[in-house]
Amino acid sequence: MFKVFKFFIDENFTMVQNITKSKYLDLNCGNSEQILDRVKTYINKFDCPEMMLDLSGLNILEAAKVMVLSSTYHYKKYPQGKIKCRVQSDNVKGLVSAFVTDNLEVVA
């Protein structure tokens, strides 16, 4: 069983760190621009070669936008890293398949 530690940046952005050093971002509200700003800030501020984004609250187009751009920001800092994105449906995989996102895993 993992110990979980929560850190709050603000009421809309919760960071959770478990003992494996993976970072999980729960992005429970806001539009895609606000979420991207938070993701960029988080990647720049914290050591997160592996991370997971919960984008299940976004529509398919917003989720695809956030996934592709977050994957790019993450790759710039961690070329060998991985980013997992939880989405509402598998349909978003088709939207992002045209982009080279080797560091991205989509979980529905």
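The values are calculated or read from the model by the stated rules, or taken from the named source; none is laboratory data. This is a predicted model, so every value here is computed, not measured. Just so you know, the surface numbers come from the protein's heavy atoms only, side chains and all, with ligands and any DNA or RNA stripped out. Shrake-Rupley method; radii C 1.70, N 1.55, O 1.52, S 1.80 Å.
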Amide proton proximity set for Glu50, modelled H, under 5 Å, gap of 5+: Lys23, Lys82
If ligands, DNA and RNA are left out, what is the accessible area of Ser32 with a 1.4 Å probe, given in Å² to the nearest 10? 0
Phi to ³J(HN,Hα) by Karplus 6.51 cos²θ - 1.76 cosθ + 1.60 over the range 78-93, Hz, x for Gly, Pro: 10, x, 9, x, 9, 10, 10, 10, 8, 10, 6, 9, 6, 4, 5, 4
